[in-house]
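Since the structure comes first, as structure tokens, the remarks are kept for the end.
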Amino acid sequence: MLAFHAWFVPLIGYVVFRLLRRRLYRDVILFLCVSVPGYGLWLGIVNHRPIIITEVIARIMDAIMKVFGS
Amino acid sequence: MISRWQFTLLINNFLLGTTLFVSIQALIQQTQQHAWIIPLWNGCLGLIVSVLWILLMRAHPGKTLAQILQEVWSRPVGTAIALLYFFHFSSIAGWVLHNMSDFMNGTIMRDTPKSVFHIMFLIVACYTVAQGAEGMARLNQLVTPFLFLPFWFVLLLAASINWNWERFLPVYPNEGWSSLFGNFAMLGYPFMETIALTMLYPYVKRSPGRAMVWGIGMAAVSISAILFMIIGLMGVERASRLTFPVYTVVQEVDIGETIVNVQSIISVVLLILIFIKLQVLIYGAHNVLQQMFRPKTQWPHLLALTILVSALAVSIYENGVQNGEFIKQYLNLYFSFYGFFLPSLLLLSTWLKNAYRRRNHGNQRRGR
């Protein structure tokens, strides 16, 4: 777990630092909005409790189909 | 700008991508010796859906799908739906990577961790995407002859040894033709995935619509021909029990103990096809971000995409059984939402908007 954070935090931190230094605030927000969900998914994988995307999609589709009564 | 031929080849290779690993075995299991008809039938339906995309793109010349969303449904709603497309392209990229690593672990490199393949492919794909659409199309055009010729040469070599026409008997299915034409196993995957190529549509020099139709048609015929070869070479019983029938067909080629181990050719061809599919998907996802939020830099976002897609690749599905169940139960409906429902709604909104504008314009003229 420590190795995981030791890889990811400096990687993301370094890019954010570089972008902030160039005052590219929109780029910082966009970078974080894409990489943080990836970080979250990786955290689940490292903890051996991954969020299975197709299962989530199937649940959402079941819920929608229930709402429309089919 | 991309030429029409380059776009056709890109669509063809995109569609062949992972199809040769994933759907073949299940399709043969379902439809037996008539499996080769399904790609042709579903390809025809895919062509009808692609006409919808072509009409949409023609109504908004020079604009990609993401830009059309913003133009028709206003900036906030358009951005929200474009983000759904971003997730869709990213998740298909994850899927493609997971399929590829399954193939690698199952055949050549059994002990290498899946993420090693994912990250290596993603880095190269991001580099290609950073070079732009032209670079991608040229690369694809350059490698296609090196994929097409060895692939068919190796399959024909196998056919020269093991071919048996009796494997196609009986010709008429027991349940009748209606069961065959009621089968839409290949409509969602791979034909509706082609929506990702609408992100490249405005960069095609002349008649991109025709190129799209040709590309889908060529891919349908190619997939059908490959299925035909597999059935003729292996028979239904064997092909439906193997995980990667294309690979096994070629693995068994042994001519005078001189032409052996030709499966490595097929592996390289399949890996390049997957890479082409991956780079188109990454290009689609990256361009949605670029066009929605207009960032000043490119590489940080490609890095973020690598982090996200490499995580999606590991967690997209748990195992082959769960993936198979999802494909059987939900995939057509899920891909129809992105490939048919949203584009139809978008086209309808465009027509209504244009009609309203024309009416208003007419009223203003009469008022004067």
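The values are calculated or read from the model by the stated rules, or taken from the named source; none is laboratory data. Since the structure is predicted, the reported quantities are computational estimates derived from the model, not experimental observations. We place every Cβ from the backbone using ideal geometry, glycine too, and count neighbours over all the protein chains shown.
Quick look at the values:
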| read-out | value |
| --- | --- |
| Neighbours by Cβ (under 9 Å, 6+ apart or cross-chain): first from the stretch A:12-38, more than 9 Å from chain B (Cβ to nearest Cβ) and closer than 21 Å to residue B:291 by Cβ; second part of a helix (DSSP H, G or I) and among the hydrophobic types (A, V, I, L, M, F, W, C) | A:25/A:19 |
| Single residue of the stretch B:294-305 satisfying the filter (in contact (Cβ under 8 Å) with a residue 12 or more places away in the chain and facing another protein chain (nearest Cβ under 8 Å)) that is surrounded by the fewest Cβ atoms within 10 Å (Cβ to Cβ) | B:303 |
| Residues located in the stretch B:97-130, provided they are in contact with a Lys or Arg (Cβ under 9 Å, 6 or more places away or on another chain), under 18 Å from residue B:277 (Cβ atoms) and not aliphatic (A, V, I, L, M) | B:98, B:101, B:102 |
| Filter pass, residue A:52 being farther than 16 Å from residue B:90 by Cα and either modelled with pLDDT of 95 or more or not acidic (Asp, Glu) (or both) | no |
| Residues (assigned to a helix (DSSP H, G or I) and free of Cβ contacts under 8 Å to residues at least 24 places away in the same chain) located in the stretch B:105-130 | B:105, B:116, B:117, B:120, B:127 |
| Residue match in the stretch A:2-10 (condition: facing another protein chain (nearest Cβ under 10 Å), in a helix (DSSP H, G or I) and surrounded by fewer than 17 Cβ atoms within 10 Å (Cβ to Cβ)) | no |
| First in the stretch A:45-70 and more than 9 Å from chain B (Cβ to nearest Cβ), second anywhere and at pLDDT below 95 and in a helix (DSSP H, G or I), Cβ under 6 Å, 6 or more apart | A:46/A:4 |
| Flag for residue B:342 being of a type in the set (A, V, I, L, M), out of contact with any strand residue (DSSP E or B) (no Cβ under 6 Å at 6 or more places or on another chain) and closer than 28 Å to residue B:121 by Cα | no |
